[in-house]
Amino acid sequence: MNPSYVGRFAPTPSGFLHFGSLVAALASYLDARAVGGRWLLRMEDIDPPREAPGAQAAILHTLESYGLEWDGEVVYQSQRHDAYAEIVQRLFQQGLAYACTCSRKQLEPFHGIYPGLCRNLGHEQHDAAIRVRVPELAYHFIDRVQGHFEQHLGRESGDFIIRRRDGLYAYQLAVVLDDAWQGVTDIVRGADLLDSTPRQLYLQELLGLSQPRYLHVPLIVQPDGHKLGKSYRSAPLPADQATPLLLRALRALGQPTDPALAQATPREVLTHACQRWNADAIPKCMTLAEADLR
């Protein structure tokens, strides 16, 4: 086991795993196992209203069926609220975050970029979202697949939410705190999260946390351009199709496959893939059409 590499897969139980989930999970798994690293599993269950009944158990069962075995205990974000609350209060008391009472309707004209309406109003925390103040700076990093990526936080994001008005904690905060707490060194995930990364880099800097390496794999999209996902009722991964779907996912990641593997077990496919894993072969693009992989 190589303790200098710690990867993770962090699904949201708002639905079942689909082929796009498999591509991301497989890339993360192989990138860790190819260097003898640890691969952790975290359930990002911080939004109960969006959680699908039975999804958590189904996700675990699917990963096991596909041979994707994780190290250690599963971490559940729903059990980490105290850690999130502590940081929110610290940032608020230091003046690095503030309460925001803006409604969605008020913010519609600004197209997702918060204009700072509540920044200097000194609202109380009750019945308010909490936003972190961002600097008028560009944050950039080198992604292992997508290359250089840069985002000006003030112009392209604005002060962003770390605790919602309903009291639930925001993804950007939870993911940063959990990755640091779990000692994650390498984050391999879908390209839809590429533009979230600068906000996470800022939080890491603000909280004095180390910065992981990032690798964002192409999203698998449908003919209409939408990514495969729970919102579009993408087909869940069937347990009895693990081998052919693993081979298809390997092709999506630009990895070599052998026709003889068609009769292999999922674990044999993963062993073969791990020995030949080459992250540099992953297509350097944001999306791949699912139809082209069949």
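Where a number appears in this text, it was derived from the coordinates with a stated rule and is not lab data. This one's a predicted model, so the numbers in the text were calculated from it and none came from an experiment. Backbone-built Cβ (ideal geometry, glycine too); neighbour counts: all protein chains shown.
Multiplying the sequence separation of Asp195 and Thr287 by 0.36 nm and subtracting their Cα-Cα distance, what value in nm do you get?
31.7 nm
Give me the distance in nm between label points sitting 7 Å out from Cα along the Cα-to-Cβ direction at Ile142 and His81, one decimal.
Here the answer is 4.3 nm between the modelled labels.
Normalised radius of gyration for region 104-255, please: alpha carbon Rg relative to 2.2 N^0.38 Å, two decimal places. Write down the numbers at each step before the final one.
On the way: Rg = 18.3 Å, N = 152, 2.2 N^0.38 = 14.8 Å.
Its radius of gyration relative to the 2.2 N^0.38 Å reference: 1.23.
Residues of region 136-167 with amide nitrogen under 12 Å from the 7 Å Cα-to-Cβ point of Ile113?
152-159
Using the scaling law 2.2 N^0.38 Å as the reference, what is the normalised Cα Rg of the chain?
1.04
Please list, by residue number, every one of the trypsin sites (Lys or Arg not before Pro) in region 156-224 that is coil in DSSP and has at most 14 other beta-carbon atoms within 10 Å.
Arg164
Tell me the angle of helix 266-275 to the major Cα principal axis of the chain, expressed in degrees between 0 and 90 and rounded to the nearest ten.
The two axes meet at around 80 degrees.
Cα axis of helix 19-33 to longest principal axis of the chain: angle in degrees, 0 to 90, nearest 10?
Around 80 degrees separate the two axes.
For region 75-175, state which GluC sites (Glu not before Pro) are in a DSSP loop and have at most 15 other beta carbons lying within 10 Å of their beta carbon.
Glu124, Glu136
Go through the cysteines of the chain and tell me which have no other cysteine Cβ under 4.7 Å away.
Cysteines lacking a close Cβ partner in the chain: Cys102, Cys274, Cys285.
Between Ala57 and Arg164, what is the label-to-label distance in nm when each label sits 7 Å out along the Cα-to-Cβ direction?
Simple spin-label model gives 2.5 nm for this pair.
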